[in-house]
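S.K.: First the structure, which I've put down as structure tokens, then a few questions once you've had a look.
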Amino acid sequence: MEKQPIILVTCGHFEKEVLRLISDDITRAFHHPVVQKECSFDLSSFYNPGRRQYDGNGILKMVAEKAPTNALKTIGLFRVDLFIPILTYIFGQAFLNGNTGIASLFRLKNELYGLEHNNTLQIERFRKVILHELGHTFGLIHCQYPICVMRSSTYVEDIDQKKISFCQNCQNELNRMQLLKLPGGD
């Protein structure tokens, strides 16, 4: 039986090499094929002029509503500044045990923090955010292990300390949950 794909919905321009790295990360972590689709979303209704940011809750809900029905999981990739009402900004967001997540490259730029441009570091951060949000869709919660990709990240420095992988405990939990979802699983 063919495995359902994890869909990357790209909203904005992302270099082919970046999308390849992200796809490889996802396939390695979750053992599902990755399919890339360009989005046709109009984000203007999610823009909050007072904050000069985009409503992450609204965008996440929209991605969920428009997610392809054949997808195991769908994650929207953006280049806009995201927020939720209780936080100044977010790097990404996902429905725990759901099918949808979002991640944005915007707040991962060194220039926002008074540092020199570093595209390689920005992309590495983005890859970690995407794996983190997909981890939530598979049921993983925040981890206390400092270098686990599932550790909560309030600041980019937190992301920089993590690896682009799950700790052994999170990996075991992910494996257990995926086994439970197989036909005949308990």
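What follows draws every value from the coordinates through simple rules; no lab data is involved. Owing to the predicted nature of the structure, the values given are computational and were not obtained by experimental measurement. Because the Cβ atoms are built from the backbone with ideal geometry, glycine has one as well, and the counts that use them run over all protein chains shown.
S.K.: If you count, for each residue, the other Cβ atoms within 10 Å and average over each peptide, how do 120-128, 21-29, 46-54 line up from highest to lowest?
M.R.: On the way: 120-128: 19.3, 21-29: 17.0, 46-54: 13.3.
Listed from highest to lowest mean packing, they are 120-128, 21-29, 46-54.
S.K.: Something else about it: Do you know the relative contact order of the stretch 6-180, to the nearest whole percent, from alpha carbon pairs under 8 angstrom that are 6+ apart?
M.R.: Numbers: 306 pairs, mean separation 31.1, N = 175.
Relative CO of the stretch 6-180 lands at 18 percent.
S.K.: For every helix of n ≥ 4 consecutive DSSP H residues, a contribution of -39,500 (n - 2.57) applies; sum these over the chain, divide by its total residues, and give [θ] at 222 nm rounded to the nearest 500 deg cm²/dmol.
M.R.: -11000 deg cm²/dmol
S.K.: Now a separate question. In terms of modelled amide H atoms, which long-range or inter-chain residues lie less than 5 Å from the amide H of Thr100?
M.R.: Thr74, Phe95
S.K.: Then there's this: For the stretch 54-61, just list the computed ³J(HN,Hα) in residue order, Karplus coefficients 6.51, -1.76 and 1.60, θ = phi - 60°, integers in Hz, with x standing in for Gly and Pro.
M.R.: Working through the residues one at a time gives 10, 6, x, 4, x, 5, 4, 5 Hz.
S.K.: Report the FRET efficiency, 1/(1 + (r/R0)^6), for Thr120 and Lys37, where r is their Cβ-Cβ distance and R0 is 30 Å, rounded to 0.05. Please report the intermediate quantities before stating the final value.
M.R.: Details: r = 26 Å, r/R0 = 0.86.
Here the calculated transfer efficiency is 0.70.
S.K.: So how strong a dipole does the stretch 122-186 carry about its Cα centre when Lys and Arg Cβ are +1 and Asp and Glu Cβ are -1, to the nearest 20 debye?
M.R.: Values: 8 positive and 7 negative charges, 23 e Å.
So the magnitude is around 120 debye.
S.K.: Could you grab the Rg to Rh ratio for the chain? Cα atoms only, Kirkwood for Rh. Before the final figure, lay out each step's value.
M.R.: Details: Rg = 15.9 Å, Rh = 16.7 Å.
Looking at the chain, the ratio lands at 0.95.
S.K.: If we sort 145-157, 72-84 on the protection proxy, mean other Cβ atoms within 10 Å, highest first, what's the order?
M.R.: Per-residue mean Cβ counts within 10 Å order the peptides as 72-84, 145-157.
S.K.: If you line up the long axis of helix 119-137 against the longest principal axis of the chain, both from Cα atoms, how many degrees apart are they, to the nearest 10?
M.R.: Approximately 50 degrees, to the nearest 10.
S.K.: Under 14 Å from the Cβ of Thr88, count the other residues' Cβ atoms, weight Lys and Arg +1, Asp and Glu -1, and hand me the total.
M.R.: Numbers: positive: Arg51, Arg52, Arg107; negative: Asp55, Asp81.
Cβ neighbours under 14 Å give a net charge of +1.
S.K.: Please flag any cysteine in the chain that has no other cysteine's Cβ under 4.7 angstrom from its own Cβ.
M.R.: Cys170
S.K.: Further, regarding this structure: Using alpha carbon centroids, what distance separates the stretch 13-84 and the stretch 87-165, in Å?
M.R.: Between the Cα centres of the stretch 13-84 and the stretch 87-165 lies a distance of 13 Å.
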